Amino acid sequence: MGQNIISGIAAVALLLGAFSPVQTAYADSQTDGVARAEEAANRVNLAGRQRMLLQAMAKAACFISVESNAPAQQAALEAASEKFALTHEALRFGNAGMGLSAEPDPDLLEAIAVVGQNWSTYSALIDSALRNGYVSRPAMERIDEIGLVALANMNRAVNRIANTYGDLLPEMPLLLSLTIDLSGRQRMFTQRAAKEFCLIAAGIDTEANRENLGKTVQLFTLTLDALIRGMPGMVMAAPNEEIRQKLLDVKALWEQSSPILLAAAAGAEITGADLETIAREMDRVMVLMNEAVGMYEGAIPEQN
């Protein structure tokens with residue numbers, strides 16, 4: 001039991017990445033601290049959502065490729081693509097409707113620009129899938145490959161954004177910023193799990209994706225428990241009862257469908273009904289998790 005706890009802590013620690021103090025243009029401006037902290041939390045939230053959208057596109061493309069509820073997945077693919085493109089520009093230049101001002105920090109802009117280079121290639125693949133209404137096996141393999149590269153770079157960008165704002169805004173404690181980042185990453189894991197499940201069904205890198213799926217399920221479960229209970233110095237426990245209850249709702253829904261994921265990871269055959277169930281239930285978990293992430297913004301005044 002003790003070894004399992006240590007392993008769980010290590011896994012969540014790896015999720016947090018390497019955070020170090022960063023000097024930015026925000027250091028000299030501390031006016032209207034709570035409002036700035038709320039915008040910072042929103043920025044971390046929206047940047048984190050980009051990770052989910054990248055995997056949501058790959059997931060939708062895979063379900064199209066295996067012809068599982070293809071019309072709905074086509075619509076989901078288009079919506080995710082449009083939302084990613086809009087948010088990418090908002091993170092750079094600001095968007096009043098999304099509650100973002102233009103990003104002044106050159107290091108953060110550079111991190112976002114790296115993702116933009118990936119997006120140029122990825123979006124062309126997605127646009128082709130949307131035009132054709134079909135995704136071939138080679139196209140799906142390429143979508144997954146580029147999507148994972150973009151995901152890694154987007155994750156680095158979100159880590160840097162969370163660190164920067166959390167380190168330099170007194171009203172946005174670093175632990176809260178990192179917790180918002182971590183909770184936001186949970187949305188991505190729902191889409192990644194569904195994508196890996198679909199790739200197994202499609203016969204694409206089956207053994208590797210079984211292993212990946214097992215890890216994804218484990219990381220989601222460990223992180224969710226850490227968000228509920230907290231992890232000293234690394235993850236803030238749910239800061240109020242409303243957030244705690246929402247996270248418990250996520251856990252209850254997750255526990256209904258995760259056994260299907262684990263069975264597939266262990267080698268079980270995937271049926272058409274299983275594909276439909278996972279596509280539906282992972283989106284439901286993602287929606288609840290998204291609601292939880294948004295609640296953290298409202299918790300900022302409670303921290304002051």
Over region 63-79, the set of residues within 17 Å of residue 278 (Cβ to Cβ) and within 18 Å of the chain's Cα centre (by Cα) is 76, 77
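Scanning for something over 26 Å from residue 257 (Cα atoms) and not in a helix (DSSP H, G or I), does region 159-169 turn up at least one residue? Break it down stepwise before answering.
Just the residues of region 159-169 that are over 26 Å from residue 257 (Cα atoms), to begin with: 159-169.
Retained after the next criterion (residues that are not in a helix (DSSP H, G or I)): 169.
Looking for residues that are over 26 Å from residue 257 (Cα atoms) and not in a helix (DSSP H, G or I), one finds at least one in region 159-169, hence yes.
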Filter region 33-61 for residues that are over 16 Å from residue 153 (Cβ atoms) and small (Gly, Ala, Ser); the one that is surrounded by the most Cβ atoms within 10 Å (Cβ to Cβ) is 60
May I ask you to verify whether residue 93 is of a type in the set (Phe, Trp, Tyr), free of Cβ contacts under 8 Å to residues at least 60 places away in the same chain and crowded, with 24+ Cβ neighbours inside 10 Å? no
Expected single match for under 30 Å from residue 64 (Cβ atoms) and of a type outside the set (A, V, I, L, M) among 244, 185, 160, 229 is 185
Check your understanding: Mind checking whether some residue in region 198-206 is crowded, with 23+ Cβ neighbours inside 10 Å and among the hydroxyl-bearing types (Ser, Thr, Tyr)?
Key -> no
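Answer yes or no as to whether residue 128 is under 22 Å from residue 220 (Cβ atoms) and assigned to a helix (DSSP H, G or I). Please lay out each step first, then the result.
On the way: under 22 Å from residue 220 (Cβ atoms): no; assigned to a helix (DSSP H, G or I): yes.
Criteria not met by residue 128.
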Result of the Cβ filter at 6 Å on region 241-257, keeping first residues that are at pLDDT 95 or above and surrounded by 19 or more Cβ atoms within 10 Å (Cβ to Cβ) and partners that are not in a helix (DSSP H, G or I) and not polar (S, T, N, Q), at least 6 apart or interchain, is 247/238
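Sort out which residues of region 216-266 are among the small types (Gly, Ala, Ser), over 20 Å from the mean Cα position of the chain (by Cα) and assigned to a loop (DSSP other than H, G, I, E, B), and write them in order of number.
To start, the set of residues in region 216-266 that are among the small types (Gly, Ala, Ser) comprises 226, 230, 233, 237-238, 252, 257-258, 263-266.
Now drop any that are not over 20 Å from the mean Cα position of the chain (by Cα), which leaves 233, 263-266.
Within region 216-266, 233, 266 meet the criteria.
Regarding residue 218, is this residue of a type in the set (S, T, N, Q) and out of contact with any helix residue (DSSP H, G or I) (no Cβ under 6 Å at 6 or more places or on another chain)? Let's see the steps before the verdict.
Numbers: of a type in the set (S, T, N, Q): yes; out of contact with any helix residue (DSSP H, G or I) (no Cβ under 6 Å at 6 or more places or on another chain): yes.
When the stated conditions are applied, residue 218 passes them.
Taking only region 263-273 into account, find how many residues are out of contact with any helix residue (DSSP H, G or I) (no Cβ under 6 Å at 6 or more places or on another chain) and either within 23 Å of residue 77 (Cα to Cα) or among the aliphatic types (A, V, I, L, M) (or both). Talk me through it step by step, then tell me what you get.
Residues of region 263-273 that are out of contact with any helix residue (DSSP H, G or I) (no Cβ under 6 Å at 6 or more places or on another chain), as a first pass: 263, 266-269, 271-273.
The next check asks that each one be either within 23 Å of residue 77 (Cα to Cα) or among the aliphatic types (A, V, I, L, M) (or both); those that pass are 263, 266, 268, 271-273.
Residues that pass the stated criteria total 6.
Could we say that residue 270 is assigned to a loop (DSSP other than H, G, I, E, B), surrounded by 15 or more Cβ atoms within 10 Å (Cβ to Cβ) and in contact (Cβ under 8 Å) with a residue 24 or more places away in the chain here?
Values: assigned to a loop (DSSP other than H, G, I, E, B): yes; surrounded by 15 or more Cβ atoms within 10 Å (Cβ to Cβ): yes; in contact (Cβ under 8 Å) with a residue 24 or more places away in the chain: yes.
Yes, satisfied.
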The one condition residue 172 fails out of (1) at pLDDT 95 or above; (2) surrounded by 24 or more Cβ atoms within 10 Å (Cβ to Cβ); (3) not in a helix (DSSP H, G or I) is (1)
Of the residues in region 98-121 that are assigned to a helix (DSSP H, G or I) and charged (D, E, K, R), the one that is surrounded by the fewest Cβ atoms within 10 Å (Cβ to Cβ) is 110
Residue 290 fails exactly one of (1) over 18 Å from residue 196 (Cα atoms); (2) not in a helix (DSSP H, G or I), namely (2)
Of the residues in region 209-240 that are free of Cβ contacts under 8 Å to residues at least 24 places away in the same chain and closer than 22 Å to residue 55 by Cβ, the one that is surrounded by the most Cβ atoms within 10 Å (Cβ to Cβ) is 209
Return yes or no: is residue 78 modelled with pLDDT of 95 or more, of a type in the set (Asp, Glu), part of a helix (DSSP H, G or I) and surrounded by fewer than 16 Cβ atoms within 10 Å (Cβ to Cβ)? no
Exercise for the section: Would you mind stating whether residue 285 is modelled with pLDDT of 95 or more, within 22 Å of residue 235 (Cα to Cα) and in a helix (DSSP H, G or I)? Expected result: yes
For region 176-204, the count of residues that are modelled with pLDDT of 95 or more and of a type in the set (A, V, I, L, M) equals 8
Residues of region 122-143 being modelled with pLDDT of 95 or more, surrounded by 13 or more Cβ atoms within 10 Å (Cβ to Cβ) and among the hydroxyl-bearing types (Ser, Thr, Tyr), in sequence order, are 122, 123, 128
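The values are calculated or read from the model by the stated rules, or taken from the named source; none is laboratory data. Computed from a predicted structure; not experimentally measured. Don't worry about glycine lacking a Cβ; one is built from the backbone with ideal geometry, like all the others, and counts go over all protein chains shown.
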